[in-house]
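**Student:** One structure is given below, represented as structure tokens, and several questions about it will come after.
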Amino acid sequence: MKFAPLAAALAVLVAPAAGVQVVRANSNARAPGTIKTVVTALQTMLDDSKKEGDTETDLYTKFKSYCDDNEKEKTESVESLTKQIGLLENEIQDVQANNGGLSMDVAGLKKDMATNEEARNMAEGMRKKEKEAFDADEADLVAAIDQMKQAVNLLADIGADQSLAASAAHSKFMAGKAGSAAFLKLQTSISKALVAANSFLTPSQHGVVESFLQATEPSGSAGILAVLKAMQETFDSNLVEAKNTEAAAVKANEAYIKTKKEEFDMLKTSFDEKEATMGTNDGEISTKKTQLGDAIQQKADDEDFLAKLEEMCGDKGKDYGTRVELRAGEEAALSKAIAILNSDHAFGAFDKVAATKTGATGAFVQLASATQSSGLGQARRYLQKLAAENKSVRLARIAGLLSLGNPFDGVFKAIDDMKATIEEEAQQDAEQKTWCEDETKTSSESLDEKKSQITELKNTISTLDTTINDPETGLIKMIADDEAKLEQNAQAQKDETEARRLENEDYQKNVANCDEAEVILGKAIKAMNAYYKEKDAEIKEELGGSLLQRRQEPAPPSTWEGDFSGQSEGGNLVIGMLEFILTETEKEEEAAHTTESEAVAAYETSMTALKTEEEDTMNTMANKKKELTEARLSFEEKNEDLEKTEQEKATIETYLERIKPGCDFIAENFATREANRAIETAALDQAATLLKGTPGYTSAQAKEDELKAGECAKACKVNDQKVECKACINESTVPAYCDKHPETVGC
């Protein structure tokens with residue numbers, strides 16, 4: 001014990017007050033200035049104590065600086081990481097939400113690009129058909145113009161202008177040509193051109209054409225020449241107009257295709273940019289999640305370090321405070337002892353006593369009379385026995401005080417202090433026991449709650465994983481199915497459009513063929529009707545086999561006698577056959593129109609259904625992608641919650657393991673410690689009773705009473721419990737007595 005030397009020294013100094021005789025261990029060892037030697041020893045002890053205190057102060061200052069610096073650094077780090085974690089979580093959510101919007105935009109752009117391509121393909125198809133129609137019309141017009149030119153040239157060759165027709169010579173010349181084979185050939189050649197242009201003739205031109213075709217002489221050639229020239233000009237104009245229209249259509253189509261291509265390029269650029277942005281976002285999300293995980297781990301590490309630092313620094317601070325308090329008491333006691341021994345009053349007293357003036361400084365032995373030692377020895381042995389049996393340090397200290405021969409007041413104070421310490425310890429044990437029970441209960445309940453949360457989180461994570469990744473019903477699988485469905489839909493639209501295009505081409509060809517057949521049949525029927533009016537019509541021998549039918553006009557003068565049937569009967573039969581064929585051709589064309597209309601309607605219905613299905617599928621897929629994004633985000637959040645909850649669970653388990661030894665000790669030994677404290681308290685009470693029964697205590701009390709009645713009567717008259725009385729009886733000063741007995745009245 002640190003105070004043992006001091007206690008021994010003080011015991012010797014105050015022993016006379018307790019009625020104890022003092023003898024020297026070595027009466028032959030003499031030295032001058034005995035008290036001075038003791039004071040020097042005390043001063044050395046005081047100096048050493050102060051040095052130790054300064055050293056410990058420096059060490060604790062450095063330790064405290066370490067605690068403060070690290071606490072500040074880690075606290076700031078935790079605050080910074082908390083903000084960083086919040087920012088990262090918000091940034092991740094923002095980028096994921098942005099990706100969800102971009103995903104829907106990309107799907108819309110993809111649909112718009114497909115629509116744009118389809119529109120361009122249809123425009124190209126229509127342009128191709130228009131070009132084919134133009135080429136056919138152009139060929140027809142060129143052929144008609146060529147025929148017109150040939151007819152005009154033929155008429156010009158025979159001099160069919162108005163001036164020649166009016167001259168007598170021309171009439172004479174043409175009269176010789178009438179009814180000749182050359183004139184009939186001319187009529188046949190011109191009729192081919194006129195039949196093709198018949199639908200463009202005016203009523204007056206119709207008359208000129210009919211007169212010319214039925215004439216037996218070329219008297220009307222001038223009129224027909226004018227008609228042919230007018231028709232040639234019309235065909236030339238129509239050809240120019242058709243070419244201009246075709247050029248305009250080509251230009252318009254090129255402009256439309258260019259506009260659509262530019263629109264497609266813009267869509268493609270936006271599509272590529274958004275796809276690239278989504279890829280960049282995915283990389284950013286991955287990076288930020290890594291940063292988030294690192295920040296969460298670093299924050300947990302810093303918080304764990306702070307908790308350990310707080311406990312370690314707190315314990316060290318308490319220990320330092322206790323050491324400072326103990327050292328202050330020790331230094332105060334040393335200072336008081338030095339002050340007492342160095343006082344003028346002490347010098348005066350010590351100078352008169354040989355033992356204090358020239359005596360030895362060896363170990364002091366307290367020898368009491370037989371009657372005195374018996375009571376003290378009994379008390380000491382009693383306490384030593386109980387201290388050994390119960391391993392009580394406190395009882396051993398009191399026994400030690402008795403063996404040093406301490407004054408009775410000091411022993412009784414020590415007993416009272418020990419009892420107070422025992423009560424305080426009992427209260428601390430009770431509080432510790434209650435704290436352990438409450439803390440264990442609270443932590444166990446929190447641990448059970450964390451276990452329940454972990455189970456719930458694992459179930460939720462499993463459900464989310466199934467929702468996302470199930471091979472049959474998962475969102476990824478359903479989105480893949482929708483994408484496949486969209487591809488099938490796009491292919492179906494493409495296939496049906498191609499089939500419709502081919503069907504339409506067949507229809508156009510069929511209708512063109514029917515139209516061409518109808519025109520040809522019409523021409524043939526018209527030609528037949530021009531040659532055959534009735535079965536009794538008169539057929540010229542020069543026309544033998546000609547198929548032109550004359551008008552129902554007055555017959556020209558006959559040149560032959562008798563009727564000639566010629567081929568009229570066969571001609572009328574052929575006309576009937578041609579008319580039947582024409583009717584069937586018209587029916588076939590009508591059927592082709594009906595079939596085409598039905599096919600167009602079916603195509604439009606099918607395309608509408610496919611477009612509706614495509615739009616519905618894209619909307620459904622967009623919703624599923626949004627749901628997938630939310631599910632993935634929730635999956636990640638739940639995994640983070642699970643990891644955090646498992647860390648909290650581990651922290652609680654670690655905390656319970658850390659407090660378990662101490663709490664188990666309190667729980668297991670509380671009753672024993674209570675019993676031991678009861679034994680110690682009873683032993684202390686018994687020791688006090690034994691001490692009070694000793695002759696030494698009785699003698700000390702008698703001396704105290706004597707002092708109260710004698711030299712201390714004045715100080716003890718008013719109140720013998722006041723510090724002035726107590727200090728006088730114990731031959732001490734008021735400050736010195738108060739320092740040792742601060743609880744005394746007046747201190």
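**Student:** Just to check your reading of the model, which residue among ALA512, ALA524, ALA499 is assigned to a helix (DSSP H, G or I), open to solvent by 30 Å² or more (accessible area, probe 1.4 Å) and modelled with pLDDT under 80?
**Tutor:** Numbers: ALA512 fails: modelled with pLDDT under 80; ALA499 fails: modelled with pLDDT under 80.
One residue alone meets the criteria, ALA524.
Condition check ((1) surrounded by 14 or more Cβ atoms within 10 Å (Cβ to Cβ); (2) out of contact with any Ser or Thr (no Cβ under 9 Å at 6 or more places or on another chain); (3) part of a helix (DSSP H, G or I)) across all residues:
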| position | (1), (2), (3) |
| --- | --- |
| LYS110 | yes, yes, yes |
| ALA119 | yes, yes, yes |
| GLU124 | no, yes, yes |
| LYS128 | no, yes, yes |
| ASP140 | yes, yes, yes |
| ALA143 | no, yes, yes |
| GLN147 | yes, no, yes |
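**Student:** May I pose another question? Pull out all pairs, ordered by first then second residue, where Cβ-Cβ is under 6 Å, the residues are six or more apart or on different chains, the first lies in segment 416-428 and is charged (D, E, K, R), and the second is open to solvent by less than 60 Å² (accessible area, probe 1.4 Å).
**Tutor:** LYS419/THR681; LYS419/LEU684
**Student:** Sticking with this structure for a sec: I'm checking my understanding of the structure. Among residues of segment 599-627 that are among the β-branched types (Val, Ile, Thr) and open to solvent by 40 Å² or more (accessible area, probe 1.4 Å), which one is modelled with the lowest pLDDT?
**Tutor:** Among those that are among the β-branched types (Val, Ile, Thr) and open to solvent by 40 Å² or more (accessible area, probe 1.4 Å), it is VAL600.
**Student:** Please work out which residue is nearest to the chain's Cα centre (by Cα), limiting yourself to segment 480-497 and to residues that are closer than 16 Å to THR605 by Cβ and touching a residue at least 12 places away in the same chain (Cβ under 8 Å).
**Tutor:** My answer is ASN489.
**Student:** Criterion first (basic (Lys, Arg) and over 28 Å from GLU425 (Cα atoms)) does LYS714 satisfy it?
**Tutor:** Numbers: basic (Lys, Arg): yes; over 28 Å from GLU425 (Cα atoms): yes.
Yes, satisfied.
**Student:** Would you confirm whether any residue within segment 628-647 is open to solvent by less than 40 Å² (accessible area, probe 1.4 Å), out of contact with any strand residue (DSSP E or B) (no Cβ under 8 Å at 6 or more places or on another chain) and at pLDDT below 90?
**Tutor:** no
**Student:** What pairs come out if I take residues in segment 250-278 that are of a type outside the set (Gly, Ala, Ser) and open to solvent by 60 Å² or more (accessible area, probe 1.4 Å) and pair them with residues that are modelled with pLDDT under 90 and in a helix (DSSP H, G or I) whose C-beta lies under 8 Å away, six or more apart or interchain?
**Tutor:** TYR256/ALA123; GLU275/VAL106
**Student:** So which residues in segment 89-104 are of a type in the set (Asp, Glu) and surrounded by fewer than 16 Cβ atoms within 10 Å (Cβ to Cβ)?
**Tutor:** Those that are of a type in the set (Asp, Glu) and surrounded by fewer than 16 Cβ atoms within 10 Å (Cβ to Cβ): GLU91, ASP94.
**Student:** Then there is this: Is there a residue in segment 672-690 that is open to solvent by less than 40 Å² (accessible area, probe 1.4 Å), closer than 30 Å to LYS441 by Cα and of a type in the set (Val, Ile, Thr)?
**Tutor:** So far as segment 672-690 goes, no, none of its residues is open to solvent by less than 40 Å² (accessible area, probe 1.4 Å), closer than 30 Å to LYS441 by Cα and of a type in the set (Val, Ile, Thr).
**Student:** Against the definition (touching a residue at least 24 places away in the same chain (Cβ under 8 Å), open to solvent by less than 40 Å² (accessible area, probe 1.4 Å), of a type outside the set (Phe, Trp, Tyr) and closer than 21 Å to SER65 by Cβ), how does GLY317 come out, yes or no?
**Tutor:** yes
**Student:** Which residue, of ASP157, ASP137, ASP94, ASP146, is modelled with pLDDT under 90 and touching a helix residue (DSSP H, G or I) at 6+ places or on another chain (Cβ under 8 Å)?
**Tutor:** ASP137
**Student:** Does THR467 meet the test of being out of contact with any Lys or Arg (no Cβ under 7 Å at 6 or more places or on another chain) and under 30 Å from GLU614 (Cα atoms)?
**Tutor:** yes
**Student:** When you look at ILE338, is it closer than 30 Å to ASN90 by Cα and modelled with pLDDT of 60 or more, yes or no?
**Tutor:** Taking the combined requirement at face value, the residue does not satisfy it.
**Student:** Residues to consider are ILE652, ILE666; find the one that is touching a Cys at 6+ places or on another chain (Cβ under 6 Å), in contact (Cβ under 8 Å) with a residue 12 or more places away in the chain and open to solvent by less than 60 Å² (accessible area, probe 1.4 Å).
**Tutor:** Being touching a Cys at 6+ places or on another chain (Cβ under 6 Å), in contact (Cβ under 8 Å) with a residue 12 or more places away in the chain and open to solvent by less than 60 Å² (accessible area, probe 1.4 Å) holds for just one of ILE652, ILE666, which is ILE666.
**Student:** Additional query: Output the residues belonging to segment 453-472 that are open to solvent by 70 Å² or more (accessible area, probe 1.4 Å) and either under 17 Å from GLU648 (Cβ atoms) or not in a helix (DSSP H, G or I) (or both).
**Tutor:** THR455, GLU456, LYS458, PRO471, GLU472
The values are calculated or read from the model by the stated rules, or taken from the named source; none is laboratory data. These figures come from a predicted structure and were not determined experimentally. We place every Cβ from the backbone using ideal geometry, glycine too, and count neighbours over all the protein chains shown. Note: areas computed on protein heavy atoms with side chains; ligands, DNA, RNA excluded. Shrake-Rupley method; radii C 1.70, N 1.55, O 1.52, S 1.80 Å.
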